[in-house]
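The values are calculated or read from the model by the stated rules, or taken from the named source; none is laboratory data. Keep in mind the model is a prediction, meaning the values are calculated, not measured. Ideal geometry is used to build each Cβ from the backbone, glycine not excepted, and the neighbour counts take in all protein chains shown. These area figures cover heavy atoms from the full protein model, side chains too; ligands, DNA and RNA do not enter into them. Shrake-Rupley method; radii C 1.70, N 1.55, O 1.52, S 1.80 Å.
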Amino acid sequence: MRIQIVNPNSTVPMTEKIAAAARLAAAAGTEILAATSLAGPPSIQGYHDGALALPGLLAEIGRGKSDGVGAHIIACFDDTGLDAARSLASAPVIGIGEAGYHLASLIAARFSVVTTLSCSIPILEDNLRRYGLAARCVRVRASDVPVLALEEPGSDARRRISAEIATAIAEDRAEAIVLGCAGMADLAAALAREHGIPVVDGVAAAVKLAESLVSLGLSTSKSGGWAFPHAKGSSVSPVDK
Ligand code: 5HY
């Protein structure tokens, strides 16, 4: 099967890191097609960046659709544009945030999220509520690490994320951690060993969920809000199949 993974920000080295994590998780028969939305902002930190990212993200999803991919993954932990992408696409679309939350809920009664900056916290909290998983997430925490600091060699990003994980374990009684940024994808295994609890990376989680949906022949329902976009004007039929 062929799975497209789209980085909605325009930072190519982050796409390469995401693609490496995706390929590490992918099954032998899965081809990962990585795409960078060069029209997007360099990083997505908050609502305004998320809005700026939408046109480029949807253009990449459209290209994946034209290429006939088996599934799409949106590699931004905010799940930027997920509903719109599900409306546009024929194949399943997975957001790495939603994927990470679901897998964490299967292995821990209570989990915490450690993301980048505090401006992302309400976005992730709203998503958790929409996904019906807010009750399982004790707290969404910010490590105060800017997204692009994760790409800087020698930054103290890993140390700050690890310190916040330790606080989540001590204060939240977190039994698992979900890493709240696609740029953290390469840190999960080491942080899990360091702290002795499961640390979920949304990129890997999304790859395995996408593989499951494709192998079961399941795709997004088009009978409701994720129906194909409708033609404008008098027609009431969707513009696409
Ligand atoms: C992400 N931003 O995964 C999110 C994480 C965040 O550019 N890629 C981004 O900080 O909201």
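Examine the stretch 189-198 for a residue that is in contact (Cβ under 8 Å) with a residue 40 or more places away in the chain, more than 15 Å from Asp79 (Cβ to Cβ), touching a strand residue (DSSP E or B) at 6+ places or on another chain (Cβ under 9 Å) and open to solvent by 50 Å² or more (accessible area, probe 1.4 Å), and state whether such a residue exists. Yes, the conditions are met somewhere in the stretch 189-198. The residues of the stretch 145-161 that are open to solvent by 10 Å² or more (accessible area, probe 1.4 Å) and either more than 12 Å from the ligand (Cβ to nearest atom) or hydrophobic (A, V, I, L, M, F, W, C) (or both), listed by number, are Leu148, Ala149, Leu150, Glu152, Pro153, Gly154, Ser155, Asp156, Arg158, Arg159, Arg160.
Within the bounds of the stretch 65-81, is there any residue that is in contact with a Gly (Cβ under 8 Å, 6 or more places away or on another chain) and open to solvent by 30 Å² or more (accessible area, probe 1.4 Å)? There is no residue in the stretch 65-81 that is in contact with a Gly (Cβ under 8 Å, 6 or more places away or on another chain) and open to solvent by 30 Å² or more (accessible area, probe 1.4 Å). Please state which of the following conditions Tyr101 fails to meet, knowing it meets all the rest: (1) away from the ligand (no atom under 11 Å from the Cβ); (2) farther than 30 Å from Gly62 by Cβ; (3) modelled with pLDDT of 95 or more. It fails just one condition, (2). Going through (1) farther than 21 Å from Thr11 by Cβ; (2) touching a Lys or Arg at 6+ places or on another chain (Cβ under 6 Å); (3) outside any helix (DSSP H, G or I) one by one, Gly68 falls short only on (2). Going through the stretch 5-56 one residue at a time, which ones are part of a loop (DSSP other than H, G, I, E, B), within 10 Å of the ligand (Cβ to nearest atom) and in contact (Cβ under 8 Å) with a residue 40 or more places away in the chain? Listed by number, the residues that qualify are Pro8, Asn9, Ser10, Thr11, Pro42, Ser43, Ile44, Gln45, Gly46. In this entry, Ala142 passes the filter for residues that are open to solvent by 10 Å² or more (accessible area, probe 1.4 Å), near the ligand (Cβ under 10 Å from one of its atoms) and in contact (Cβ under 8 Å) with a residue 24 or more places away in the chain. Among the residues of the stretch 192-210, the ones that are part of a helix (DSSP H, G or I), away from the ligand (no atom under 16 Å from the Cβ) and touching a helix residue (DSSP H, G or I) at 6+ places or on another chain (Cβ under 9 Å) come to 5 in all. What tally of residues in the stretch 82-98 results from selecting those that are surrounded by fewer than 24 Cβ atoms within 10 Å (Cβ to Cβ) and either closer than 18 Å to Arg23 by Cα or within 14 Å of the ligand (Cβ to nearest atom) (or both)? The qualifying residues number 2.
Residues in the stretch 30-87 that are within 15 Å of Ile5 (Cβ to Cβ) and polar (S, T, N, Q): Thr30, Thr36, Ser37, Thr80. Pairing residues of the stretch 115-134 that are within 11 Å of the ligand (Cβ to nearest atom) with residues that are of a type in the set (Gly, Ala, Ser), at Cβ distances under 6 Å and at least 6 apart in sequence or on separate chains, gives Thr115/Ala142; Thr115/Gly180; Leu117/Ala142; Ser118/Ala142; Cys119/Gly46; Ile121/Ala142; Asn127/Gly97.
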